[in-house]
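The values are calculated or read from the model by the stated rules, or taken from the named source; none is laboratory data. Note that the structure is a prediction, hence the values are computed from the model and not measured. Positions of Cβ are backbone-derived with ideal geometry, glycine not excepted, and every protein chain shown enters the neighbour counts. Ligands, DNA and RNA are excluded from the accessible area calculation, which covers all protein heavy atoms including side chains. Shrake-Rupley method; radii C 1.70, N 1.55, O 1.52, S 1.80 Å.
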Amino acid sequence: MRIILMGPPGVGKGTQAVTLESHLNVPHVSTGDIFRALLRTEDPIGIEVRKYLDHGLLVPDELTNQVVTTRFREQDVHKGFIFDGYPRNVFQAESFDKFLKEHNWTIDAVVNIAAPDEDIIKRLSGRRVCPTCGKTYHLESNKPKVDTLCDVDQTPLIQREDDKPETIKKRLAIYHDQTKPLIEYYSKQGLVITIDGTGTIEKTHDLTIKALGEIK
Ligand code: AP5
Ligand code: MG
């Protein structure tokens, strides 16, 4: 299956992708995760993307498309994928459509997880991540087993630089301005499934699996 996960920053795309990945047996590809991995290297691209990530701004389209094309050179995505965080504006969506056409691939569904800005702000302000393995937690809704240590490797959890209040506001504004119009873009292709993302993580997972089952 080829799925695009869409929705505001912090709605739970990455959280849902973890369980969807094993359910659908296709890889989860998050452009945000790829960029954060680049930040941890001495790579010049990492230095370039930090300017955008830390301030909640979109990385320029050309660089983003380049990163996606590189990821597509790996064989695992050829059997299907769950894309999370890409495309993020109409230009990226048009480039992606062109890329898919060249490869004779089609998207099965665009899963749009929806929740109001008040929920998003709570989710992003309480999010903590493991700097070692990238696992995501929440101080109230998705707590680690011990204090603020990662369940997997016991590393102390940290707050993402772009989860500071001012940056959250900026990311939400960019979402409404540039990414939300993609719902209409993909609706015209008959691909959008909107999932109520206001419930628990488990509830959202169940709704997503049910909706995807109906299109199979
Ligand atoms: P990216 O990493 O994609 O950030 P985002 O879209 O802002 O989304 P998040 O990862 O912050 O949230 P999420 O929806 O995955 O939520 P999560 O599951 O963590 O991108 C980061 C940056 O990279 C961008 O700002 C940009 O600079 C750059 N970038 C990436 N892609 C790009 C592109 N295509 N073009 C240009 N630039 C790009 O959950 C959030 C919190 O809520 C967690 O604490 C979780 O535990 C909790 N939670 C999850 N579900 C629930 C629930 N149902 N109930 C209660 N709590 C929940
Ligand atoms: Mg994410």
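Worth pointing out:
- 5 Å binning of all Cα-Cα separations within the range 130-216, expressed as whole percents from 0 upward: 3, 11, 13, 14, 19, 18, 13, 8, 2, 0
- Between amide H atoms placed 1.01 Å from N, distances below 5 Å from R88 occur with A93, all of them 5 or more places distant or on a separate chain.
- Y52 accessible area, 1.4 Å probe, all protein chains in place, Å² to nearest 10: 50 Å²
- Of G80, G56, G190, the one that fluctuates the most in a GNM where the chain has Cα springs shorter than 10 Å: G190
- Volume of the convex hull of the chain (Cα atoms only), normalised per residue: 124 Å³.
- Accessible-area value, I121, 1.4 Å probe, nucleic acids and ligands omitted, Å²: 80 Å²
- Taking trypsin sites (Lys or Arg not before Pro) across the range 32-66, the ones in a DSSP loop with at most 15 further Cβ atoms lying within 10 angstrom of their Cβ are R40.
- Scalar couplings 3J(HN,Hα) for the range 35-40, obtained by applying the Karplus form with A = 6.51, B = -1.76, C = 1.60 to θ = phi - 60°, are 5, 5, 5, 5, 4, 7 Hz; x denotes Gly and Pro.
- With θ taken as phi - 60° and the Karplus curve 6.51 cos²θ - 1.76 cosθ + 1.60 applied, the whole-hertz 3J(HN,Hα) list for the range 188-194 is 5, 8, x, 9, 7, 10, 9 Hz, x standing for glycine and proline.
- Surface composition of the chain: carbon and sulfur atoms hold 53% of the protein heavy-atom accessible area at a 1.4 Å probe.
- The share of alpha-carbon pairs in the range 1-82 lying farther apart than 18 Å comes to 47%.
- Under 5 Å from the amide H of F81 lie the amide H atoms of R2, I3, each residue being 5 or more positions distant or on a separate chain, with H modelled from the backbone and absent for Pro and chain starts.
- Here's the picture: a label point sits 7 Å out from the Cα of A37 along the beta-carbon direction, and within the range 90-125 nothing has its amide nitrogen under 20 Å of it.
- Rounded to whole Hz, the Karplus (6.51, -1.76, 1.60) HN-Hα couplings of the range 86-92, x for glycine and proline: 8, x, 10, 7, 5, 4, 5
- Scanning residues 5 or more positions from G12 or on other chains, none has an amide H under 5 Å from its amide H, with H placed 1.01 Å from N in the peptide plane.
- Between the range 33-76 and the range 130-202, the alpha-carbon center distance in angstrom: 18 Å
- Candidate cross-link partners of K98 among the lysines, defined by an alpha-carbon separation under 18 Å and a same-chain spacing of 8 or more, comprise K188.
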